[in-house]
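Notes to accompany the following structure.
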Amino acid sequence: MSTAILTGQPVPGSSLEGDLRSLGFDVRVASDAADTETLLAAVPADQRVAVVDARFVGHVHALRLGLTDPRFDAAAIPGAVTVRPAARPALDRALRTAAGDASNGSVVVGIVADRVAELLDTELHRPELGELVAEVPRDPQARNEARQAVAAVDDEAIRLRTAVKSRDGFFTTYCISPYSRYLARWCARRGLTPNQVTTASLFTALIAAGCAATGTRAGFVAAGLLLLFSFVLDCTDGQLARYSLQYSTLGAWLDATFDRAKEYAYYAGLALGAARSGDDVWALALGAMVLQTCRHVVDFSFNEANHDATANTSPTAALSGRLDSVGWTVWLRRMIVLPIGERWAMIAVLTAVTTPRITFYALLIGCAFAATYTTAGRVLRSLTRKARRTDRAARALADLADSGAIAQALARLLKKLPAKPPFGARVLVALSGAVILVAAAWLEPYGSWLPVLAAVLYTLTSAAAVALPLKGALDWLIPPLFRTAEYVTVLVLAAKADVNGALPAAFGLVGAVAYHHYDTVYRIRGNAGAPPNWLVRAIGGHEGRTLLVTVLAALLAATDFKVALTALAVAVALVVLVESIRFWVTAHKLGAPAVHDEGEPA
């Protein structure tokens, strides 16, 4: 329960008390700042508290935005201020000061809320209200005008409109959001939570994958329809969170994680369905997962590298800004990167009317073009800007690199050498090791020891690449290079084994490792830090896993290699899932910041 303290003389006919109760507040009335301070002391320390001017006139949704958003410890709108338990000491101090001002005659009764907001010595969030009304009239005429302004604006229409993200893909904006917002309102009025809708979206996608796995035309059609409905629910959960301000750390993690689980499970379903008709497309399914994951790592690494960089401008970025002023180019540029809405729509339609093989071909071509376009643009931006990257950005890139015990030890040794690893060319060092590794796996027959030697060289170059802080212009490319080298090596060696079940086992292994890499991203984005070092060491780091897989391929027969990949996939999945779930459930209980609104970059 939350508590709202009304200050000043109640206004006859005001609906303020009822509005506050409808938002979940227990309402108490104080005459002045000193009385407010007394009432505040009686409120349990673990409750949200709001101080509201009794003369407040405004929309209920303005009060909702100002007083109930769980993401902020302190927030205010004209005539009202609220704090969560973490900011209660700041509110106590502000009220004491306001009470002292009142005793000196410098604060009159009825404007306590605004004075307290001015005095709060903590970060204060002031939501953008737009057309919504929130004010404290000082006379009957002003009150009448304010009430007329409230009546002239439909706050429910604004609430529905703002439930939709302001920046989204073309397909989502024009084909999903026009009706999914009403589904979000329907869910809110029935007490459903965003997490429940997110879970429903996951189950719908898993059923779609099961339908695709039947390998029948009816199953493929049903799979396409269910995948689209899963995406509708995926949009609805975020809109429900914004509509009802039900943000949470756990919800942000579920929303992001389930998106990946749904898409990759659907790939597996398509591969199983194709196998029923004698068409083996597991390599294509794994390739699609590798490409999509690496695309995301490019997005995440670039954003983290430039998150808080100074002097972060470039001619390329300026050109991009000018293009955004031309309406049609905005949608074109959003569509050609094949964001999740366009991508899932394409997959759903092609599943229903073509074959899994054609679906994967189209997906690989589309994602490869999108990856080339976005990566080239970001490379140009990085080369033409003179940004100074911070220690935080360098730490984030090092965490995204996922270096294990071997690379960490080698990096420490390299730091002690008189000649330091090349600072500006570290991307080339990482690239050369990755290319040699993948080429050796690709060109050599299964069972060769040359990929093992290439993996050793890859480990050395990986350590050299991360030995110094990752502050170079193109150092954000190092984590994507590591992901590509590891994933593609697993794919190629499994394909070279040429035994039934090897590629599905590799799919499971890459999926488990990719989950760990996504989990790392979501922790960093939520300012929760990277996964613990013991976890990274336990699952080997990217270089340790790559070495292990190449050694297994050299030592074991193809059938035994399949079994080893399966066991490794299960082991990695168990370790990362258990630790990840433990962390996010704990973080949720401790009130870690939610990142619901950020959305996926592609």
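Miscellaneous remarks
- Cα lying deepest toward the dipole's positive end in the chain, options Cys367, Ile524, Val81, charges on Cβ: Cys367
- Cut-off under 5 Å, modelled amide H: who pairs with Val133 long-range: His59
- Going by accessible surface with a 1.4 Å probe and the largest first, Leu40, Leu450 read Leu450, Leu40.
- Per residue, the stretch 127-217 exposes 55 Å² of solvent-accessible protein surface, assessed with a 1.4 angstrom probe and all protein chains in place.
- Note on the stretch 238-292 and the stretch 437-468: Cα centroid distance 30 Å, given to the nearest whole angstrom.
- Three-way shape label, the stretch 495-576, alpha-carbon gyration tensor, a/c 1.5: prolate
- Sorting Ile365, Ile406 by solvent-accessible area of protein heavy atoms yields Ile365, Ile406, largest first, with a 1.4 Å probe.
- Sorting Glu17, Glu263, Glu156, Glu118 by solvent-accessible area of protein heavy atoms yields Glu118, Glu17, Glu156, Glu263, largest first, with a 1.4 Å probe.
- Taking the chain and dividing mean pair separation by its residue count, relative contact order in percent (alpha carbons under 8 Å, at least six apart): 13
- Gap separating the Cα centres of the stretch 329-365 and the stretch 196-229, nearest whole Å: 17
- Cα gyration tensor category, rounded, prolate or oblate, for the stretch 1-121 with a/c compared to 1.5: oblate
- Packing rank of 166-173, 346-353, where each peptide gets the mean count of other beta carbons within 10 Å, highest leading: 346-353, 166-173
- With the highest mean first, a sort of the peptides 73-85, 569-581 on other beta-carbon atoms found within 10 angstrom per residue produces 73-85, 569-581.
- Calculated accessible area for the stretch 334-437 comes out at 47 Å² per residue, all protein chains present (probe 1.4 Å; ligands, DNA, RNA ignored).
- Surface composition of the chain: carbon plus sulfur atoms contribute 63% of the solvent-accessible area (1.4 Å probe, protein chains only, all chains present).
- Listed options for Rg and Dmax of the Cα atoms in Å are [x] 27.8, 89; [y] 31.3, 105; [z] 26.6, 102. The value calculated from this structure is the one marked [x].
- Dipole moment magnitude, nearest 20 debye, the chain about Cα centre, only Lys, Arg, Asp, Glu C-beta charged: 1280
- Charges were assigned to the Cβ only: +1 to each Lys and Arg, -1 to each Asp and Glu. The resulting dipole of the stretch 424-565 about its Cα centre is roughly 360 debye.
The values are calculated or read from the model by the stated rules, or taken from the named source; none is laboratory data. Keep in mind it's a predicted model, so treat the numbers as computed, not measured. Cβ: placed from backbone, ideal geometry, glycine included. Neighbour counts: every protein chain shown. Heavy atoms of the whole protein, side chains included, go into the accessibility calculation; ligands, DNA and RNA do not. Shrake-Rupley method; radii C 1.70, N 1.55, O 1.52, S 1.80 Å.
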